[in-house]
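Encoded as structure tokens, the structure appears first; notes follow it.
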Amino acid sequence: MKKGLLIVFSGPSGVGKGTVRQCFMDDPRLNLAYSISMTTRKPREGEVEGKDYFFVTREEFEAAVERGELLEHAEFVGNYYGTPLPYVEKLRNEGKNVILEIEVEGMKQVVEKCSDAVTIFIIPPSMEELERRIRGRKSEAEDVIQKRLEKAGRELKLQDNYKYVVCNDIPEVAANKIVEIILDEMSK
């Protein structure tokens, strides 16, 4: 059985990564599995343990780092985020194409460990639209919103580090472009 692709899916907070991903995740041609990240942040309304994230304590997360069990990890706004390596490798060895929805710093760590990773960066149509989307969540305080916007500005400057860049103006259009990318990569 051919080992599955490792697809790194990044973009600034609020760009709509999850919305775009949901548009193509169930496409049977892609044989996709979503890699669930581990985090120390509290669940947002509607998020489910083991589906959206593995929610853990800081102590549990730090122990996983010490044991080398994370493909990548980062800290942002006082919380840790990371990708459990055994979970990803199990899926890839089953022939699944695994999507990691991770931060820019995490992408660099993944590429160091997995040079054949397919990297896709999602950009907003404008910074104004990105701010509108972040504020539309109504889930964070103003200081957190400002930190997310500042970080987005820094991240957008790093898009050239990715193999592919896709604008999320209309989620369905962005998703179709990503489907084409994945199908092309699968045929290699």
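The values are calculated or read from the model by the stated rules, or taken from the named source; none is laboratory data. Quick caveat, the model's predicted, so the values are computed rather than measured. Virtual Cβ from ideal backbone geometry, glycine too; neighbours counted across all protein chains shown.
Structure data summary
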item: Wholly enclosed strands (runs of 3 or more DSSP E) of the range 1-95 bearing at least 3 residues farther than 23 Å from Cys167 by Cα and aliphatic (A, V, I, L, M); result: 70-76
item: Residue identified as surrounded by 12 or more Cβ atoms within 10 Å (Cβ to Cβ) and farther than 19 Å from Lys17 by Cα among Ala141, Ala64; result: Ala64
item: Any hit, the range 126-148, residues being at positive phi, touching a Lys or Arg at 6+ places or on another chain (Cβ under 9 Å) and not aromatic (Phe, Trp, Tyr); result: no
item: Total residues in the range 88-113, condition within 19 Å of Ala63 (Cα to Cα) and at pLDDT 90 or above; result: 2
item: Index of the failed condition, Leu70 passing every other in (1) in contact with a Pro (Cβ under 7 Å, 6 or more places away or on another chain); (2) over 28 Å from Glu140 (Cα atoms); (3) of a type outside the set (Gly, Ala, Ser); result: (2)
item: Residues being farther than 18 Å from Leu32 by Cβ and in a helix (DSSP H, G or I) - total across the range 155-188; result: 6
item: Selection within the range 1-15 - surrounded by 19 or more Cβ atoms within 10 Å (Cβ to Cβ) and modelled with pLDDT of 90 or more; result: Gly4, Leu5, Leu6, Ile7, Val8, Phe9, Ser10, Gly11, Pro12, Val15
item: Count of the range 96-111 residues which are assigned to a loop (DSSP other than H, G, I, E, B) and either without any contact (Cβ under 8 Å) to a residue 40 or more places away in the chain or under 19 Å from Asn79 (Cβ atoms) (or both); result: 2
item: Subset of the range 30-46 (residues that are surrounded by 12 or more Cβ atoms within 10 Å (Cβ to Cβ) and in contact (Cβ under 8 Å) with a residue 40 or more places away in the chain); result: Leu30, Asn31, Leu32, Ala33, Tyr34, Ser35, Ile36, Ser37, Met38, Thr39, Thr40, Arg41
item: Within the range 112-136, tally of residues that are under 25 Å from Ile7 (Cβ atoms) and assigned to a helix (DSSP H, G or I); result: 6
item: Residue list for the range 148-188, filter: over 17 Å from the mean Cα position of the chain (by Cα), over 29 Å from Gly136 (Cα atoms) and in contact (Cβ under 8 Å) with a residue 24 or more places away in the chain; result: Leu183, Glu185, Met186
